[in-house]
Every structure is written in structure tokens, then in C-alpha cells.
1. Between region 18-65 and region 157-217, what is the C-alpha centre distance in whole Å?
2. With the cut-off at 34 Å, report for the chain the share of all Cα pairs above it, as a whole percent.
3. Just rank Trp276, Trp321, fewest to most, by other beta-carbon atoms within 10 angstrom.
4. What ranking of Lys121, Lys11, Lys42, Lys223 emerges when the number of other C-beta atoms within 10 Å of each C-beta is taken as an exposure proxy, fewest first?
5. Normalised by the residues of region 1-157, what does the relative contact order come to in percent, with Cα pairs under 8 Å and at least six apart?
6. Explain nothing, just compute: Karplus ³J(HN,Hα) = 6.51 cos²θ - 1.76 cosθ + 1.60, θ = phi - 60°, for every residue of region 48-60 in order, whole Hz, x for Gly and Pro.
7. When we measure straight from the Cα of Lys166, which aspartates and glutamates land under 17 angstrom away, once same-chain ones fewer than 8 places off are left out?
8. In percent, what relative contact order does the chain have, based on Cα pairs under 8 Å that are 6 or more apart in sequence?
Amino acid sequence: MARLDINALGKSFGPVRCADALSFTVEPGEIVAVFGPSGSGKTMLLRMIAGMYEPDEGDILVGGRSIVGAPPERRGVGMAFQNFALFPHMTARDNIASGLRAKAGDADVTARVKSISRLLKIEHVLGHMPRELSNGQKQRTALARALIGNPDVLLLDDPLRNVDAKLRYEMRLELPSLLRRSSAAVLYVTQDYREAMAIADRIAVLVRGQLVQLARPAEVYAKPASVAVARLFGDPSINLAEVDPEVGQGGLSAEIAGTRVRLDSADQPAAHGPCWLGVRPDDLAISRDPGDDAIPARVVAITPMHERNVLLLRLADGSEWLAALPPDASAASADDDVFVRFAPQAALLFDRASGLRVGQSDHRQAA
């Protein structure tokens with residue numbers, strides 16, 4: 001199988017910059033999730049690799065060979081679309097086999113359709129027309145069509161967005177092993193950070209056409225490259241406060257809503273000037289006991305969310321933070337006065353002017 005290389009790729013439509021000097025590599029058998037907000041250039045990147053659009057600058061290499069300017073059928077690329085894009089007049093079997101008819105004999109096509117449909121658990125609907133399939137069956141049919149030609153590069157454009165929650169969860173568990181078995185270099189576009197973290201070996205975070213971070217899921221969550229990245233990962237979103245860190249005899253500290261709290265000493269060399277301090281809601285602890293590093297707050301509201309309770313807290317300066325706690329750890333009610341704490345190593349510091357993270361914190365774990 002072949003490696004995919006994206007080299008300084010650029011694309012514009014008038015004043016809109018869809019891709020801005022994108023450069024990264026996807027190894028054979030590796031899954032790289034392309035994640036970012038709407039309009040960040042995720043789908044445009046896939047379409048340039050697939051040959052629907054040509055880049056204005058840069059190059060795309062598959063196995064060391066440039067595919068820019070090559071017709072789509074000669075690029076060694078398979079793609080599954082968010083909207084399925086199945087031929088409405090063909091059965092599921094014929095949709096899956098459509099990309100192989102000109103390349104392989106009937107016996108080989110039949111065997112390969114049978115094998116891939118069994119793998120994706122759709123062998124019982126091969127004779128159905130697309131209108132007779134559920135959304136989950138349509139998505140797996142489209143995925144089978146993309147996989148059956150053993151492409152060097154596999155492009156998946158938010159493939160689970162239109163399937164129900166149960167199937168989406170099941171596919172998150174099954175897809176990684178299925179995709180790695182194909183040995184293709186996989187680019188997986190998604191707008192769901194949980195999906196990106198569950199499926200990918202690495203995550204490429206795009207913001208306004210720029211690659212702002214490329215790292216393993218745990219690192220993107222624990223060490224976001226910027227405030228923008230930190231806000232994209234986590235539900236509820238990260239808490240932020242404007243601080244001016246100071247280094248004293250007790251180490252690094254900052255004032256939050258009138259209370260001075262200790263921060264991770266590992267950030268001392270890099271922390272200087274105005275910063276954003278970020279703390280994940282999962283890293284907050286609530287108690288009724290004052291003391292060191294305890295920030296006074298009032299509980300505004302409590303919202304049950306799955307296995308956690310999310311508390312909306314108002315600090316002394318009027319700012320609002322969120323805390324995500326197990327039900328048995330949040331024995332507080334609305335309008336209660338409480339104290340908020342977090343471990344010093346849970347704090348992330350970002351330069352307030354650039355938004356980029358300063359210092360390192362090796363103690364955090366991905367949720």
C-alpha cells in the first residue's frame with residue numbers, strides 16, 4: 001500500500017481561503033481524522049485529493065507519485081460521501097460492484113462483493129434498491145463500494161452523520177479495525193470530536209483552512225495547541241479566565257475572581273504577560289469548605305447529562321464556569337454557596353494575544 005503526502009496545499013475561491021499551506025502525511029493503515037468547525041476546509045481537502053477540484057498551490061502524492069492533474073479513476077483513491085451518493089436504479093450489490101466492473105471478471109467481482117458485504121453485515125440486503133435500505137444500510141453500502149477496490153487512499157466524508165445513534169456507536173467500535181485491515185491511508189472527516197478521538201490514530205485540526213494541530217487524540221485533548229483547539233474538544237466546553245500569572249516562592253500562581261490559586265510549576269518558564277487560563281469542567285471539584293486555592297462560587301443551575309451532573313457556577317467577579325461531576329460528587333443545589341478547586345496541573349495557559357498554549361503539562365489524561 002502507499003503513503004499519502006499533502007505538501008503545502010492551497011486553494012482559494014475569490015477572497016475565501018479554503019486550504020492554506022496544508023502539509024501532513026498519512027501512512028498506510030493509519031487513520032487520520034480531519035476535524036474542525038463548519039467551513040474549515042475539511043470536505044474541500046478530500047475533494048482535492050479525489051480530483052473533484054485541483055489545488056491552486058502545492059502537491060498531493062500517493063506512494064511518492066503526484067496525482068495532481070490525474071483523472072479521478074487513476075488516483076488510487078476511494079471515497080464514501082456523507083449523503084451516500086448511491087445509484088438509485090441499481091441494487092446494493094450493483095452499487096458495491098460498480099467500481100470494479102471494468103477492472104475484474106464477473107467471478108472475481110461476485111466473490112469480492114460477497115466478502116465485503118459479509119464484513120459490513122449487509123449481505124442480506126444486496127438485492128435491495130437504495131430506497132428500500134435504512135440509512136445505516138445505505139452508509140455501509142457506500143463504504144463497501146469505497147473499500148472493494150482496495151484503494152491506496154480512502155476518503156470518508158462524515159460517513160456516520162446520517163445514521164442513528166445506536167448504529168453510530170457500534171460503527172465507532174467496528175470501523176477502526178475494519179479500516180486498518182484494508183491497509184489504506186485513511187482520511188476521516190468528522191464534526192464530532194468524540195468520533196475523531198474514538199476512531200483516529202491521529203487528529204488533524206483545521207481552523208479557517210489552516211492545520212493548527214496534528215497529534216494523537218490524547219495529546220490534542222490534554223495539550224491543545226491553542227484556545228481555539230481547546231474549545232473544540234470537550235462537552236461541556238473548557239472554562240476560560242483572563243489571568244496574569246506570577247512566579248513567587250510558592251511557584252506559579254494566578255488570581256481568579258479575587259482568589260489566588262497555584263498553577264502547575266512546569267509552566268513557570270513560559271508563563272509571562274496576560275494569559276487565558278483554561279480548566280476542563282471534569283477537572284473541577286466542588287465543596288463547602290474554604291481553604292487554599294478555593295474559589296468562592298454560587299450554584300446557578302444543575303443539569304443532568306448522561307452519567308454526570310453539569311453545574312453552572314457564578315464566581316465572585318460575575319464570570320460563569322461549568323463543572324461536570326458524578327452525581328454522588330455534586331451534593332449541591334441551586335443557589336448554594338460553594339468553593340471550587342482544581343489541581344494545579346489541570347490548568348492550561350494560553351497567550352492572550354495569540355491564543356497559543358504556553359508551557360507544557362504532562363499530567364493530564366484524555367477523557
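Rule-based calculations on the coordinates, nothing more; no lab input. Model, not experiment: these values are computed from the prediction. Note that each Cβ is placed from the backbone with ideal geometry, even for glycine, and that neighbours are counted across all protein chains shown.
1. Here the two parts' Cα centres lie 14 Å apart.
2. 39
3. Values: Trp276 20, Trp321 23.
The order, fewest Cβ neighbours first, is Trp276, Trp321.
4. Lys121, Lys223, Lys11, Lys42
5. Details: 250 pairs, mean separation 40.7, N = 157.
The normalised contact order for region 1-157 reaches 26 percent.
6. Once θ is set to phi - 60°, the couplings for region 48-60 become 5, 5, 6, x, 6, 10, 9, x, 7, 9, x, 9, 10 Hz.
7. Asp158, Glu174, Asp192, Glu195
8. 16
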